[in-house]
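Asks: Okay, handing you the structure first.
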Amino acid sequence: MISFLTIFILGIGLIGLQISISTTDYLTTQQRHDMLRQARNINSSIIENSEVTSELLQTIEKLGSFSSYNIWLIDTGGRIVAASTMQDEFVGEIMSDSLMEDLLNGRNSIQIMEIDEEERPMLSVAVPWTSEGIIHGGIILHSPIAGIKSTVRNIREIVLWSILGGLLIVSILVSYLSWTISKPLRKVEEAANEIALGNYSKRVNHHLPDEVGALVQSFNRMAAKLNEIEKQRDSTEQRRKDFIANISHELRTPLTAMKGFLEVLQEGFVKDPKLQQKYYNIMFRETEYLNQLVDDLMDLIKLEQKEISMHLKKVDIAEIIKVVSLQLNPTFIKRNNKLQSFTLEPLPYIIGDSLRIEQILTNIIHNANKFTSNGTITVKTKVQNDCLCVIVTDTGIGIPSHDLDRIWDRFFKVDRDRTKNGRGTGLGLAIVKELVKLHKGNIHVESKLGQGSTFTISFPIYNYDTLYNS
Ligand SMILES: Nc1ncnc2c1ncn2[C@@H]1O[C@H](COP(=O)(O)OP(=O)(O)O)[C@@H](O)[C@H]1O
Ligand SMILES: [Mg+2]
């Protein structure tokens, strides 16, 4: 506001000064020309007279009454010989030598004079009094400068009032302007403070299409982004906590069981060797489970930290399916399942890490066997666009539709009872999903409760370019 006002006052002040200076100049010049013209006219009116006669005095007096200037007539000696009305007292006075020198040399003279009897400064114009080339003296016209001065004073007054009026208007305008700018800015400041205190949902309400509006919109976008980040951080934190709670639970269950059986065996309460053997078997299964859990956890953490190194090359998937089927064969027999695989046609190679692909297929086929009994597990392959799909179908218990999305979550098991026959860690599919992602592949499931499930995994087909350009 102060800078606005300073600029305004300086601007108007300078313009006012300029106007008053040029007006003074203009008026003075105008008056000077007018006086010179009149003086010359007087000279022509008295051209007949070469000396002071009563007739001349009368003429001067008459001319003086028509003119707005005082008229003095001086002789070659510089003495005032005649004056217009009311100027008689000056008759007889002697004018300065310098003036006389100018006049006698035929030059006009223009001066600002201070006359003792007059308080106001006078503008005086003197021209030689000549006839037929002879100089008889001079004609002096003078008039107070007051007229000019008061005109200029009026102008200054007008300028001053304009400044005052302008100041008022500018003050109001500037206050309004700074209010419209500072109000939303203050709102932004308040919102920023609230956000700093953790209230990320705070937004500023200001929708004008000006610079402040743009600033407010950017601010709101930033706040929204912060809010999103904060929410994400919260959920990551929650996931981490859940993860640790799950790990503790999964570790504690087998450990507690083992501790119980060990105590019973240690105390010697169980004498029956068959029962003892049963307890040892249970304890062995628990250690196996713990082993599996630790392995899965290590895999998952490595995947999460992106520490798993993939050795991508062209892979023959039919070969891997064969190996996995062979390895899992004993478990199929145990659950009285039949495995059918149809991979006879010549298959294109895919891009991948063969060990990881083996891990993926083992997990899926193992699950199919685990959740099926007296049934059939089918492994098929299919080429679709640029991908090779492996389709694993079982005729087992299936997955309830509301759990279909959750089976990929860490530690998720549809329900604990259904896995009595070989319990799992609930980490298998979470690992599979990550591994498939690393292969730039895709996995999805279709299932009907009580009828079976189909897992379809697709891998990009090998092609020299995709392997080396990706
Ligand atoms: N083929 C399947 N048939 C039925 N349910 C399945 C099948 N595959 C996975 N599931 C369900 O998804 C859950 C998660 O599977 P997974 O992550 O491999 O854990 P785990 O096998 O250790 O239980 C399983 O507990 C099971 O309930
Ligand atoms: Mg599993």
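The values are calculated or read from the model by the stated rules, or taken from the named source; none is laboratory data. Here the structure is a predicted model, which means the values were calculated and not measured. Glycine also receives a Cβ, built like all others from the backbone with ideal geometry; neighbour counts cover every protein chain displayed. Calculation scope for accessible area: heavy atoms of the full protein, side chains included, ligands and nucleic acids excluded. Shrake-Rupley method; radii C 1.70, N 1.55, O 1.52, S 1.80 Å.
Asks: Going through 382, 413 one at a time, which residue ends up being among the charged types (D, E, K, R), closer than 30 Å to residue 346 by Cβ and either free of Cβ contacts under 8 Å to residues at least 40 places away in the same chain or away from ligand 1 (no atom under 12 Å from the Cβ) (or both)?
Replies: On the way: 413 fails: closer than 30 Å to residue 346 by Cβ.
When all the criteria are applied, what remains is 382.
Asks: Test each condition in (1) of a type in the set (S, T, N, Q); (2) open to solvent by 100 Å² or more (accessible area, probe 1.4 Å); (3) not in a loop (DSSP other than H, G, I, E, B) for residue 220 and report the one that comes out false.
Replies: (2)
Asks: Test residue 372 against the stated conditions and say whether it is touching a strand residue (DSSP E or B) at 6+ places or on another chain (Cβ under 7 Å), more than 14 Å from ligand 2 (Cβ to nearest atom) and of a type in the set (Ser, Thr, Tyr).
Replies: Numbers: touching a strand residue (DSSP E or B) at 6+ places or on another chain (Cβ under 7 Å): yes; more than 14 Å from ligand 2 (Cβ to nearest atom): no; of a type in the set (Ser, Thr, Tyr): yes.
So residue 372 fails the test.
Asks: Quick check on this structure: which one of 104, 14, 99, 10 is open to solvent by less than 70 Å² (accessible area, probe 1.4 Å) and not charged (D, E, K, R)? Working first, answer last.
Replies: On the way: 104 fails: open to solvent by less than 70 Å² (accessible area, probe 1.4 Å); 14 fails: open to solvent by less than 70 Å² (accessible area, probe 1.4 Å); 10 fails: open to solvent by less than 70 Å² (accessible area, probe 1.4 Å).
Only one candidate qualifies: 99.
Asks: Select from the range 349-373 the residues that are outside any helix (DSSP H, G or I), open to solvent by less than 40 Å² (accessible area, probe 1.4 Å) and within 20 Å of residue 437 (Cα to Cα) and list them in ascending order.
Replies: Taking the range 349-373 and keeping what is outside any helix (DSSP H, G or I), we get 349-353, 371-373.
Next, only the ones that are open to solvent by less than 40 Å² (accessible area, probe 1.4 Å) stay: 350-353, 372.
Residues satisfying the conditions are 350, 351, 352, 353.
Asks: Here's something else I'd like to know. Step by step: first the residues of the range 44-68, then only those that are open to solvent by less than 20 Å² (accessible area, probe 1.4 Å) and of a type outside the set (Gly, Ala, Ser), then the one that is farthest from residue 88 (Cα to Cα). Which residue is that?
Replies: Taking the range 44-68 as the starting set, the residues that turn out to be open to solvent by less than 20 Å² (accessible area, probe 1.4 Å) are 46, 56, 60, 64.
Checking which are of a type outside the set (Gly, Ala, Ser) leaves us with 46, 56, 60.
On the way: 46: 19, 56: 14, 60: 12 Å.
Here the residue is 46.
Asks: Also, I was wondering about something else. Return the only residue of 158, 112 being over 30 Å from residue 58 (Cβ atoms), open to solvent by 90 Å² or more (accessible area, probe 1.4 Å) and modelled with pLDDT under 85. Before the answer, list the steps.
Replies: On the way: 158 fails: modelled with pLDDT under 85.
Just one listed residue meets the conditions, 112.
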